[in-house]
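Student: Below is the structure I would like to discuss, written out as structure tokens.
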Amino acid sequence: MNIELSEKEFRRLLDMVYIGNWVLNSCRDDDRFEDYDNLEEKLFALCPEHGMRSLVQRWRGHSYPSRAFEEGGIHEAIADYEDAMFYDILAEELARRDMESEGLSTADTDELNARIDDYYREFEKNGLENFHMDE
């Protein structure tokens, strides 16, 4: 298979592959999806021939994203996504908990969404400042 990409598109593809592999493998320790690691390595190995030598490092015969790549903002993008997902999941879980504790069905999507939106507004205004856990 051949895919033609501009240099800019190839650079964006590197970001996407890195982010995808991070999501799939960053928490897996020794149980990694090696085929994703191998694909990431294969693509990063192409960096020097596309004028992007600074984005790859070689170690023990393998190609890896370089420190310059990893410190170039990609982890900030991942962190932004993780923050958004944290608040999305928390808002929905709290809304479901509230409804269940009040004996309401979480199948009532209008009510559930209204409560989720209430939590979103609270988080936007105060973050977790007003969040308390009872023992």
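Student: Quickly work out the Phe86-to-Arg121 label distance, labels modelled 7 Å from Cα along the C-beta direction, and quote it in nm with one decimal.
Tutor: Reported label-point gap for Arg121 and Phe86 is 2.4 nm.
Student: Quick one: which residues, 5 or more positions from Val56 or on another chain, have an amide H under 5 Å from its amide H? H modelled 1.01 Å from N in the peptide plane, none for Pro or chain starts.
Tutor: Ser66
Student: Return a whole-number percent for the relative contact order of the stretch 7-65, with Cα pairs under 8 Å and 6 or more residues apart as the contact set. Working shown, then result.
Tutor: Details: 40 pairs, mean separation 15.5, N = 59.
Computed value for the stretch 7-65: 26 percent relative contact order.
Student: Which chymotrypsin sites (Phe, Trp or Tyr not before Pro) in the stretch 53-135 pass both tests, a DSSP loop state and at most 15 other beta-carbon atoms within 10 Å? Please report the intermediate quantities before stating the final value.
Tutor: On the way: sites: Trp59, Phe69, Tyr81, Phe86, Tyr87, Tyr119, Tyr120, Phe123, Phe131; in loops: Phe131.
Those satisfying the criteria are Phe131.
Student: Could you tell me which trypsin sites (Lys or Arg not before Pro) in the stretch 52-123 are loop residues by DSSP with no more than 16 other beta carbons within 10 angstrom of their beta carbon?
Tutor: Working: sites: Arg53, Arg58, Arg60, Arg67, Arg96, Arg97, Arg115, Arg121; in loops: Arg60.
Counting only loop positions with at most 16 other Cβ atoms within 10 Å, the trypsin sites (Lys or Arg not before Pro) in the stretch 52-123 are Arg60.
Student: Please compute the Kirkwood hydrodynamic radius of the chain from all pairs of different C-alpha atoms, in Å with one decimal. Mind showing how you got there, number by number?
Tutor: Numbers: mean 1/r = 0.0548 Å⁻¹.
It is 18.3 Å.
Student: Would you calculate, for the chain, the mean residue ellipticity at 222 nm contributed by helices, counting each DSSP H stretch of 4 or more residues as -39,500 (n - 2.57) and dividing by all residues, to the nearest 500? Each step should come with its number before you reach the end.
Tutor: Details: 4 runs with 75 residues, N = 135.
Helices in the chain give a 222 nm mean residue ellipticity of -19000 deg cm²/dmol.
Read the figures in this text as sums done on the coordinates, not as results from a lab. Because the structure is predicted, anything quoted here is derived from the model rather than measured. When we count neighbours, we look across all protein chains shown, and the Cβ atoms used for this are built from the backbone with ideal geometry, even at glycine.
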